[in-house]
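Working notes, structure below.
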Amino acid sequence: MAVQKIAFLVFLFPVVISIVFGASVLSNVLAQPDRHLNMWQFVSHQPPQTGDNDIKIQNLLNSYSTFTPVHIIVAVNNTAFDCGDLYITIYNLDTSPNQVAAQNGYFSQCFAANNLTLPINDTFSQIIGKSGNYEIVAEMKDKNNQNTIKSTANFKVQ
């Protein structure tokens, strides 16, 4: 009988106290103004893309803060563009004409043999320091620069 009481005190009592304490702290934090609980923040919807079906921009969010980098990868389904050049450009839609906010080029992107996402052995990660509306364009040219496929999507920086 004494063993059961000791087991209760050692194992179960700290768990119950932790849950009660955690619930108390969370309820006090959520009672403060401008606080909310977003349990689904990891579920993010990608903005709709326009352009060719052979190229897709992945990991793009609908909005970013001015301190969060825009980090994307590109998937190309058409092997005719294997070993071609990839260009990623971000345009500021709030300026007239649209100004380039960021631009990178990745050359000789050979992806077909291992079904890789692009850019290969590199990353596109760009911090946009000015809030506004932006458009990202991923453009892939074939090895001979004869054909081009591209995809575009819009996002916000707040």
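The values are calculated or read from the model by the stated rules, or taken from the named source; none is laboratory data. This is a predicted model, so every value here is computed, not measured. Glycine gets a Cβ as well: all are built from the backbone with ideal geometry, and neighbour counts include every protein chain shown. To get the accessible areas, we keep the full protein, side chains included, count just its heavy atoms, and leave off ligands, DNA and RNA. Shrake-Rupley method; radii C 1.70, N 1.55, O 1.52, S 1.80 Å.
Checking the condition surrounded by 14 or more Cβ atoms within 10 Å (Cβ to Cβ) and closer than 16 Å to GLN46 by Cβ, which residue from ALA101, ALA75 passes?
Values: ALA101 fails: closer than 16 Å to GLN46 by Cβ.
None of the others qualify; the one that does is ALA75.
Which of the residues belonging to the stretch 120-146 are open to solvent by less than 90 Å² (accessible area, probe 1.4 Å) and either more than 17 Å from LEU86 (Cα to Cα) or not in a strand (DSSP E or B) (or both)? Steps first, answer last, please.
We begin by selecting, within the stretch 120-146, every residue open to solvent by less than 90 Å² (accessible area, probe 1.4 Å); these are 120, 122-126, 128-129, 131-142.
Result: ILE120, ASP122, THR123, ILE128, GLY129, SER131, GLY132, ASN133, TYR134, ASP142.
Conditions tested, residue by residue: (1) at pLDDT 90 or above; (2) within 15 Å of the chain's Cα centre (by Cα); (3) in a loop (DSSP other than H, G, I, E, B); (4) of a type outside the set (Val, Ile, Thr).
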{"site": "PRO33", "(1), (2), (3), (4)": "no, no, yes, yes"}
{"site": "HIS36", "(1), (2), (3), (4)": "no, no, yes, yes"}
{"site": "MET39", "(1), (2), (3), (4)": "no, no, yes, yes"}
{"site": "SER44", "(1), (2), (3), (4)": "no, yes, yes, yes"}
{"site": "PRO47", "(1), (2), (3), (4)": "no, yes, yes, yes"}
{"site": "ILE57", "(1), (2), (3), (4)": "yes, yes, no, no"}
{"site": "HIS71", "(1), (2), (3), (4)": "yes, yes, no, yes"}
{"site": "ALA80", "(1), (2), (3), (4)": "yes, no, no, yes"}
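Given the structure, is ALA153 without any contact (Cβ under 8 Å) to a residue 60 or more places away in the chain and either open to solvent by 40 Å² or more (accessible area, probe 1.4 Å) or within 21 Å of the chain's Cα centre (by Cα) (or both)?
Numbers: without any contact (Cβ under 8 Å) to a residue 60 or more places away in the chain: no; either open to solvent by 40 Å² or more (accessible area, probe 1.4 Å) or within 21 Å of the chain's Cα centre (by Cα) (or both): yes.
So ALA153 does not fit the description; no.
Determine if the stretch 82-89 includes at least one residue that is hydroxyl-bearing (Ser, Thr, Tyr) and farther than 17 Å from ILE149 by Cβ. Steps first, please.
Taking the stretch 82-89 first, the residues hydroxyl-bearing (Ser, Thr, Tyr) are 87, 89.
This time we only want the ones that are farther than 17 Å from ILE149 by Cβ, so: none.
No: the stretch 82-89 contains no residue that is hydroxyl-bearing (Ser, Thr, Tyr) and farther than 17 Å from ILE149 by Cβ.
Could you tell me whether ASP122 is of a type in the set (Asp, Glu) and touching a residue at least 60 places away in the same chain (Cβ under 8 Å)? If you could, list the steps in order and put the result at the bottom.
Numbers: of a type in the set (Asp, Glu): yes; touching a residue at least 60 places away in the same chain (Cβ under 8 Å): no.
Here the answer is no, as ASP122 does not meet what is asked.
When the stretch 90-119 is examined, which residues are found to be within 19 Å of the chain's Cα centre (by Cα) and part of a strand (DSSP E or B)? So that I can check it myself, show each step before the final result.
Going residue by residue through the stretch 90-119, those that are within 19 Å of the chain's Cα centre (by Cα) are 90-92, 101-104, 116-119.
Once the filter is applied, which keeps residues that are within 19 Å of the chain's Cα centre (by Cα) and part of a strand (DSSP E or B), the stretch 90-119 yields ILE90, TYR91, ASN92, ALA101, ALA102, GLN103, ASN104, LEU118.
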